[in-house]
Amino acid sequence: MNKNSYKNKLLIWLPLAILGLFLLNISLGSIYIPLDQIISILSGGEADKASWANIILNFRLPKALSAIAVGAGLAISGLQMQTLFRNPLAGPFVLGISSGASLGVALLLLAGVTVTGIGYVSFNGWLVVLAASAGSGLVLLLVMTVSIRVQDSMTLLIIGLMFGSLTGAIVSILQYFSTGEEVQVYLFWTFGSLGGLNWDEVFILLSILILGILLSVLLIKPLNALLLSENYARSLGLNVKKARLLIILSTSLLAGSITAFCGPIAFIGLAVPHLTRLLFNTSDHKVLIPSVAMTGAIVMLICDMVAQLPGSDMILPINAITSLLGAPVVIWIIMRRGSMKNSFAG
Amino acid sequence: MSANLTILKTDNLSIGYKSGKKQSEVMSNINVELKRGQLVCFMGPNGVGKSTLIRTLIGAQKALAGKIFIEDKDFAKISAAELSKLVSVVLTDKINAGNMSVRELVTLGRYPHLNWSVTPNAADLKQIELAIDQAKVRPLENRKIYELSDGQLQKVMIARALCQDTPILILDEPTAHLDLNNRIEMINMLSDLAKETNKAILMATHELDLALQSADRIWLVGMNQPIINGFPEDLVLNGKIDAVFELKGFDLRTGRLEKKVGKGKVSLSGEGHAYLWTKNALERNGFEVIDDSEIQIKIKPYPLSWYIKNKGEHIVHTLENLIEKIFN
């Protein structure tokens, strides 16, 4: 009964919604392209205008795919962090992953520019991706080292937040000594962007995402056991430290790669797990992981469509849209479906 | 015979906390054992280290010295996965699973027997059903955890532990926060479970009265005293329990609060419950009941009334009136 109803929702509605929104997302843009032309282009056929195929295949398709990847990846990593830290305010970036990435990018764009005299670094360049990956990877290594040494996850959470503050402070100092132009380039990166990826980058992002999702599927059992408490999880035969390490690894792969390619995209990772828990009324990660991933993809596709302001050439920063659109929806659902307290102790 | 009933044994165990080279010992020279089919109550004042010992026995922290044996196997050589098939627990930890149904929570107890995809097979499902019945939570089966009362949640946590199907069950203060009725139900259930399922059940508790009526053994520990594993009534009679708890105004031998007497002496005649409760009312109000006194009270049945012969003669129909009359 209860179980079947959410399984039905999961199996039918979410994939259908993703498919529909995916097509809609591709068909919207500053240039109008008829739907039959889009389907023809997607299925490998010819289009009436060659430029249409170019727009679809090299701009809109990679963007829609990265929206799906970003939404799914951030939502899964947010869910994992909320369960690991038993904290409804946790998100993919509580461990300082985005702060690390920001530091890497800030060093490149703010300090790097002055030191090496590159002048202007391409906004979508591989250098930015490398700098962000190096930054988040470094923080990841630090957090993993700490997680092997500390007993409880709460300590880890605080240390993650401290890393965040620390890198934030360094970025502030860098900004203070940078020119307005440099700061603007850096600011653009922090706004987040889905559109800048070429096919190579989309493939890398998608492969890392698949790796992270596979890892998170293997983590269903430990995540469910951790819902009780770390002591209970241990009594169920779980190696808590190993599980914690793998959860952090999975989250970092997902959130780190997304931040590297698309910038620090806020809100999705925090809100989508809550949204999904309320909609499906369950704590079981076997249901939550796929449904959170799909809900995340849906939310991101919608946000992306809103961000490109249908009918205009303007593209708003995706980071602003996710919160602008998401926050009222989450508030509305909480007011309607009751408190989140049910999912979190204390 | 008693040797093969023993499932858990400690040998000069010493427990406590270790950070770096600093070591703070909480309890030492622990030599206790658990036997199959027995309910053992673990008692002692707050802060004496009960939880530390429990944490050590469930593998949440390492022993400082000495050894624990489960089924003659050295505890230190038992992996977490193996231990989860030997010991199940009910802790005081807050759980984060409000959105789960009772059935889902009980199913978590099956995890040591499941692979990564956590799909129970026929045998697992059978054990889940059995655990739900054993802990008497069948009517709650489809409820959400956040809808449960403290007492119901505690029974569900016991069902979860039973679902784990281990020979040893360890509970840390399962009756805390429960009302009297739920406490009695809980302790009776555990006592029955020990007999029916032949499990060794260890329960830390402060419920002295309930423990004395249900426990097969008591592990008794006082401040800076070695832990004693004794037969409950013997511990009462040899004064060990009194020594540990330094009972204030509670006469353990009669199982009652000590009465303050001094208001006067009365003699009482009557039978059955009416006699007991009249005596209770008199003693609670400071009257000592003796064989022969100037004040005489006779209990008359049908309808229940009390005949008082004091300075005059009275008949009253409630105990409250009786106490008022003899005060005057």
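The values are calculated or read from the model by the stated rules, or taken from the named source; none is laboratory data. Since this is a predicted model, take the numbers as computed values, not measurements. Glycine also receives a Cβ, built like all others from the backbone with ideal geometry; neighbour counts cover every protein chain displayed. Each accessible area value is taken on the protein alone, full model and side chains, heavy atoms only, with ligands, DNA and RNA left out. Shrake-Rupley method; radii C 1.70, N 1.55, O 1.52, S 1.80 Å.
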Task: Test for A:Leu270: is it more than 16 Å from the chain's Cα centre (by Cα) and of a type in the set (A, V, I, L, M) - done: no
TODO: Identify all residues within the stretch A:218-251 that are basic (Lys, Arg) and open to solvent by less than 10 Å² (accessible area, probe 1.4 Å); write none if there are none.
DONE: A:Arg244
Open item on the list: For the list (1) small (Gly, Ala, Ser); (2) farther than 30 Å from A:Arg277 by Cβ; (3) free of Cβ contacts under 8 Å to residues at least 12 places away in the same chain, I need the number of the one condition that B:Ala60 fails.
Closed with: (2)
- [ ] Assess whether B:Asp292 counts as being within 30 Å of B:Glu25 (Cβ to Cβ) and either modelled with pLDDT under 90 or assigned to a helix (DSSP H, G or I) (or both).
- [x] no
Open item on the list: Suppose we filter the stretch B:171-180 for residues that are in contact (Cβ under 8 Å) with a residue 40 or more places away in the chain and surrounded by 15 or more Cβ atoms within 10 Å (Cβ to Cβ); how many remain?
Closed with: 4
Task: Matching residues, the stretch A:156-171, being in contact (Cβ under 8 Å) with a residue 24 or more places away in the chain and either β-branched (Val, Ile, Thr) or within 14 Å of A:Leu108 (Cα to Cα) (or both) - done: A:Thr167, A:Ile170, A:Val171
Open item on the list: Quick check on my filter: what residues within the stretch B:87-103 are within 7 Å of chain A (Cβ to nearest Cβ) and surrounded by fewer than 19 Cβ atoms within 10 Å (Cβ to Cβ)?
Closed with: B:Asp93, B:Lys94
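Given B:Ser79, B:Ser84, B:Ser28, which one is among the hydroxyl-bearing types (Ser, Thr, Tyr), touching a Lys or Arg at 6+ places or on another chain (Cβ under 9 Å) and either open to solvent by 40 Å² or more (accessible area, probe 1.4 Å) or touching a residue at least 60 places away in the same chain (Cβ under 8 Å) (or both)?
Just one listed residue meets the conditions, B:Ser84.
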- [ ] Could you please find all residues in the stretch B:274-328 being within 13 Å of B:Gly264 (Cβ to Cβ), out of contact with any Lys or Arg (no Cβ under 6 Å at 6 or more places or on another chain) and among the β-branched types (Val, Ile, Thr)?
- [x] B:Ile295, B:Ile297, B:Ile323, B:Ile326
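Every residue, every condition in (1) in a helix (DSSP H, G or I); (2) modelled with pLDDT under 90; (3) surrounded by 18 or more Cβ atoms within 10 Å (Cβ to Cβ), yes or no:
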site: A:Leu197; (1), (2), (3): no, yes, yes
site: A:Asp200; (1), (2), (3): yes, yes, no
site: A:Ile204; (1), (2), (3): yes, yes, no
site: A:Leu209; (1), (2), (3): yes, yes, yes
site: A:Leu214; (1), (2), (3): yes, no, no
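Results for (1) over 26 Å from A:Pro88 (Cα atoms); (2) touching a residue at least 60 places away in the same chain (Cβ under 8 Å); (3) open to solvent by less than 30 Å² (accessible area, probe 1.4 Å); (4) in contact with a helix residue (DSSP H, G or I) (Cβ under 8 Å, 6 or more places away or on another chain), shown as yes or no for each residue.
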position	(1), (2), (3), (4)
A:Ala134	yes, no, no, yes
A:Leu141	no, no, no, no
A:Met144	no, yes, no, yes
A:Ser147	no, yes, yes, yes
A:Gln151	no, no, no, no
A:Met154	no, yes, no, yes
A:Ile173	yes, no, no, no
A:Ser178	yes, yes, yes, yes
Open item on the list: Considering only the stretch B:132-144, I want to know if a residue exists there that is within 13 Å of chain A (Cβ to nearest Cβ), crowded, with 23+ Cβ neighbours inside 10 Å and either polar (S, T, N, Q) or within 27 Å of B:Leu53 (Cβ to Cβ) (or both).
Closed with: no
Open item on the list: Among the residues of the stretch B:192-207, what is the count of those that are touching a residue at least 12 places away in the same chain (Cβ under 8 Å), open to solvent by 20 Å² or more (accessible area, probe 1.4 Å) and out of contact with any Cys (no Cβ under 9 Å at 6 or more places or on another chain)?
Closed with: 5
- [ ] Mind telling me which of the residues B:Ile68, B:Ile15 ends up being in contact with a helix residue (DSSP H, G or I) (Cβ under 7 Å, 6 or more places away or on another chain) and farther than 24 Å from B:Ala161 by Cα?
- [x] B:Ile15
TODO: Would you tally the residues in the stretch A:35-52 being over 25 Å from A:Cys303 (Cβ atoms), of a type outside the set (S, T, N, Q) and open to solvent by 30 Å² or more (accessible area, probe 1.4 Å)?
DONE: 7
Open item on the list: Six or more apart or on different chains, Cβ atoms under 7 Å: show the pairs whose first residue is in the stretch B:153-170 and under 16 Å from B:Leu140 (Cα atoms) and whose second is basic (Lys, Arg) and open to solvent by 10 Å² or more (accessible area, probe 1.4 Å).
Closed with: B:Lys155/B:Lys136; B:Cys163/B:Arg110
Open item on the list: With β-branched (Val, Ile, Thr), away from every other protein chain (no Cβ under 14 Å) and open to solvent by 20 Å² or more (accessible area, probe 1.4 Å) as the only criterion, which of A:Ile302, A:Ile333, A:Ile318, A:Ile268 stands out?
Closed with: A:Ile302
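Here is a yes/no grid of residues against (1) of a type in the set (Gly, Ala, Ser); (2) more than 8 Å from every other protein chain (Cβ to nearest Cβ); (3) assigned to a helix (DSSP H, G or I):
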| residue | (1), (2), (3) |
| --- | --- |
| A:Ala225 | yes, no, yes |
| A:Leu228 | no, no, no |
| A:Leu238 | no, no, no |
| A:Lys241 | no, yes, yes |
| A:Arg244 | no, yes, yes |
| A:Ile248 | no, yes, yes |
| A:Ser252 | yes, yes, yes |
TODO: Would you please list the contacts, defined by Cβ atoms under 9 Å and residues six or more apart or on different chains, that run from a residue in the stretch A:89-104 that is at pLDDT 85 or above to a residue that is among the basic types (Lys, Arg)?
DONE: none
